[in-house]
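The values are calculated or read from the model by the stated rules, or taken from the named source; none is laboratory data. Fair warning: this is a prediction, and the values are worked out from it, not measured in the lab. Cβ atoms come from the backbone with ideal geometry, glycine included; neighbour counts cover every protein chain shown.
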């Protein structure tokens, strides 16, 4: 075919012309240069993070935890000095700030002065989180700031793990002490159980004693009834004694008055003596009776005091006994005096001659007797008042005994409940001892080790499962950079190799089409072979299927070559600018860097109609995912794009060259 002959002639011309050969050689290497430079620059940036300078400023002042000094900031910097994930530089705050501003550091990490202090608040009522401050200068490099932020997040987790481990060890230590406390408490509970058993065994004696107490108080209360009745009778007799003493005093006064009249009338002496004798006898009998009653009362009170030794020290009781003894003595003395008076009267009756001499004596003795009777009356009144008080105190004592009797019976009735309580105490202390022993055994099984401490500090571990593992960032970017390189290679070929939709040499449209398509596609094939060879063997990219990879590379190169050919066929030289515009559009809409789902809706919709999107997807399938269904679907779409571009270019070239022939025929006719 004439078109292929022209294609071969073009290549002969290239090989014969040294400048053309150099230009074509450079053109063939442009996809490699473009894709290779990008891959080399982005091959494994995360594997060189140890070159990323980061300023670390330690301002921590330390703290005290459980009596020991804690310097969490220093411990952190010591760990960072061993960590080479980033290029950590340990500087002052001023130097770090200046370096971050000047671009010497891509991030500054500040450990504040209260870092250790806040670490110690973990177990307090209001714990405060320790802050690890980092500062980036995204104006210098946004990606470096993002990488630094990720590194600091890992650093924060690491520091948090160490802090948690420290507190976990402290908790386990406390649990061991708690286990020992359980064991001691169990021993104490066993002793309590033994003591409760002894108490229970001795409680029978206590119950018997309570019964005896209740019986004794009942008997005491019953025996107080006649005693209380006798005390009332004693009070009544004392009242009579008081009345008799008053009568005695009055009679003696009258006798004293009568004795003064003794000297006035001797004639009435006999009758007076008879009356005096009668009165003396009556008085003697009363005094004798009072003396006997007083003596009997004194003996009863002394016997009562002996029967109730608890009243021996009672002041009122002592006062009553002393008053009673005094009354008894006075009554005895009065009785003796009355006997003497009776004898005197008898002597008076025997010898009236002695009346005058004895009258003075009688008058004197009667005066003394009157004074003694007054004392007797006063003593009897005091004894009567004391007996009334004693009677009131005895009534109160009787009430107290009755209350004691009631309390003893209540205590006797409650002793059964108390016995039940003692039995429950014994059973409960035994169960408590068993449970404490079990708790001590179980808690003693808790032993801290590194595995358990790690489990507490990080109970949830992330387990990454990769469906299609990609070794590095460069391999992941091959689909995008290779597609972009082939597009740039085709765009440069269109600018280096001249092309016009009309043939300058009068060839037919078909011949011109076959010539240019063959030349552009041959350039695409050579560019593809070179760039694929370097990517496969220079960068050591492992593809899942080599033939399918090469097929896709060729189709991708062809699609961009035919696309540019179509644009130039449609609008002439402006088609090259249209191709550049389309290249820029596909940079964002193909999903080559970030997931296409993150792009704005308009760009996402635009990418669905552009060929680079499907080329990138197909390269991912053949390099990493192995999704052959998507691969062949994308291949089919690319083939349709190529066929469509060729058909449009062919139609436009045929139309353009047909018009040129018509124009030439008209000129020849003219």
Residue 80 vs. criteria farther than 30 Å from residue 525 by Cα, in contact with a helix residue (DSSP H, G or I) (Cβ under 7 Å, 6 or more places away or on another chain), in the same structural domain as residue 110 (by TED's automatic domain parsing) and in a helix (DSSP H, G or I): no
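Restricting segment 565-575 to residues that are surrounded by fewer than 17 Cβ atoms within 10 Å (Cβ to Cβ) and in contact (Cβ under 8 Å) with a residue 12 or more places away in the chain, which is farthest from the chain's Cα centre (by Cα)?
Of everything passing the filter in segment 565-575, 572 is farthest from the chain's Cα centre (by Cα).
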Filter pass, residue 562 being over 56 Å from the mean Cα position of the chain (by Cα) and in the same structural domain as residue 31 (by TED's automatic domain parsing): yes
Qualifying residue in segment 594-604 (condition: over 20 Å from residue 644 (Cα atoms) and either crowded, with 17+ Cβ neighbours inside 10 Å or in contact with a strand residue (DSSP E or B) (Cβ under 7 Å, 6 or more places away or on another chain) (or both)): yes
Answer from 302, 382, 325, 352 - the residue that is at pLDDT below 70 and in contact with a helix residue (DSSP H, G or I) (Cβ under 7 Å, 6 or more places away or on another chain): 352
Any strands (runs of 3 or more DSSP E) falling wholly within segment 36-75 and containing at least 3 residues that are touching a strand residue (DSSP E or B) at 6+ places or on another chain (Cβ under 7 Å), surrounded by 15 or more Cβ atoms within 10 Å (Cβ to Cβ) and assigned by TED's automatic domain parsing to the domain that holds residue 94: 53-58
Any hit, segment 597-612, residues being closer than 25 Å to residue 536 by Cα and over 51 Å from the mean Cα position of the chain (by Cα): yes
Single condition residue 319 does not satisfy, out of (1) crowded, with 18+ Cβ neighbours inside 10 Å; (2) modelled with pLDDT of 75 or more: (1)
